[in-house]
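The values are calculated or read from the model by the stated rules, or taken from the named source; none is laboratory data. Note that the structure is a prediction, hence the values are computed from the model and not measured. Ideal geometry is used to build each Cβ from the backbone, glycine not excepted, and the neighbour counts take in all protein chains shown.
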Amino acid sequence: MMRAWTLPMLLVFSGSVVAAGQTLKGNPGMAAALLLAFLALAGATSPLIFPRSIGAEEAQRRSAVDGRPIVFWRPGCTYCMRLRIRLGRSARQLHWVDIWRDPAGAAAVRAVNDGNETVPTVVVAGRPHTNPDPGWVREQLSPSA
C-alpha cells in the first residue's frame, strides 16, 4: 500500500521545499505556481485517478459474468495513466487490478509477459493484451455497454 504513495508523497515534499525556497527569495507568485504544478503531478501519479481496484480473482469472476475486460495496472505507470485518461468515463466499466496490492494479479501479469510485470495488461475474453491502444480497449466495451 505504501509503495503506491511513495512518488506522490515525494512530489508533494519536493514541491513544498521548492516553493519555500522561492518564497524566501521573494517570489511568492512563482512559489504558488510551482507548488500547484507539483501537487498536480502528485495527483496524477497517485492511485486516486483510477477506479477502485479489486483482486485478480474477483476481477476474473466478474469478467466471466459480465464480459468486461480486466486491466492490470500499478500506480506511477505512465502507460497506465495514459490508458486511464484516454478512456475517460468508460474506464469505470473495466475491472481494475492493482498488481502492487494484489500478489495474484502480479503473478497473472508475469505469467503472460515472460516473467515481467509489464502493465497495463488488459485481458479481454481470456486473452491478454499488453499495453493496448486505448481506442481499441474502448471498442471492446461496446458490446457490453
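Filtering region 36-65 to residues that are under 22 Å from residue 86 (Cβ atoms) and not hydrophobic (A, V, I, L, M, F, W, C) leaves 43, 45, 46, 47, 51, 52, 53, 63. Looking only at region 69-89, residues that are within 18 Å of residue 109 (Cβ to Cβ) and either crowded, with 19+ Cβ neighbours inside 10 Å or not assigned by TED's automatic domain parsing to the domain that holds residue 134 (or both) come to 11 in all. Those helices (runs of 4 or more DSSP H) of region 1-87 in which 3 or more residues are under 25 Å from residue 123 (Cβ atoms) occupy 56-66, 78-87.
Could you check region 95-105 and list, in sequence order, the residues that are under 13 Å from the mean Cα position of the chain (by Cα) and closer than 12 Å to residue 121 by Cβ? Residues satisfying the conditions are 96, 97, 99.
For every residue, the table says whether it meets (1) touching a residue at least 12 places away in the same chain (Cβ under 8 Å); (2) among the charged types (D, E, K, R).
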{"residue": "33", "(1), (2)": "no, no"}
{"residue": "48", "(1), (2)": "no, no"}
{"residue": "62", "(1), (2)": "yes, yes"}
{"residue": "86", "(1), (2)": "yes, yes"}
{"residue": "97", "(1), (2)": "yes, no"}
{"residue": "135", "(1), (2)": "yes, no"}
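One residue stands out in region 34-56 among those that are farther than 16 Å from residue 7 by Cα and touching a helix residue (DSSP H, G or I) at 6+ places or on another chain (Cβ under 6 Å): the one that is surrounded by the fewest Cβ atoms within 10 Å (Cβ to Cβ), namely 51.
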